[in-house]
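What follows draws every value from the coordinates through simple rules; no lab data is involved. No experiment lies behind these values; they were computed from the predicted model shown. Heads up, the Cβs are rebuilt from the backbone with ideal geometry, glycines too, and the neighbour counts pull from every protein chain shown.
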Amino acid sequence: MFLISLTYVQSLEAVDACLERHIAFLEKYYASGNFIVSGRKNPRIGGVILCRAESIEEVRAIIAEDPFHQEGVADYDVMEFQPTKCAEGFETFMG
């Protein structure tokens, strides 16, 4: 499991210009089962994605498709972790 933290490095106007394509990117990876949850940081300085992937290389390949990455709108910090405990109803994400 991977936690992807995005931090905007351009103006919100630049972010908004890519937003429709970014949402399509998110939908693609929700449909594939890779993305579990995502959302904006508050205040609006970036976002967070919880991603299921086999390797950091797979995550990097996914990020390379994000319009925010392609347009240089955001920087990405990726942290791998192994879920060991979860709330009831989230067992399917344990591995």
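Numerical summary
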{"quantity": "Sorted by Cβ neighbour density within 10 Å, fewest at the top, the residues T7, T92", "calculated": "T92, T7"}
{"quantity": "Protection proxy ranking, peptides 81-87, 47-53, average beta carbon neighbours within 10 Å, highest first", "calculated": "47-53, 81-87"}
{"quantity": "Tilt relative to the chain, helix 12-31 - C-alpha long axis, 0 to 90 degrees, to 10", "calculated": "30 degrees"}
{"quantity": "Dipole of the chain [Lys/Arg +1, Asp/Glu -1 at C-beta], most positive-end residue of F25, V37, C51", "calculated": "V37"}
{"quantity": "Distance between segment 1-67 and segment 71-95 - C-alpha centres, whole angstrom", "calculated": "12 Å"}
{"quantity": "Cα Rg, Dmax (largest Cα-Cα span) when computed across the chain, Å", "calculated": "13.5, 40"}
{"quantity": "The chain, relative contact order in percent, only Cα pairs under 8 angstrom and at least six apart counted", "calculated": "43 percent"}
{"quantity": "Full-stretch length increase - Y30, M94 - with 0.36 nm per residue and alpha-carbon distance subtracted", "calculated": "21.3 nm"}
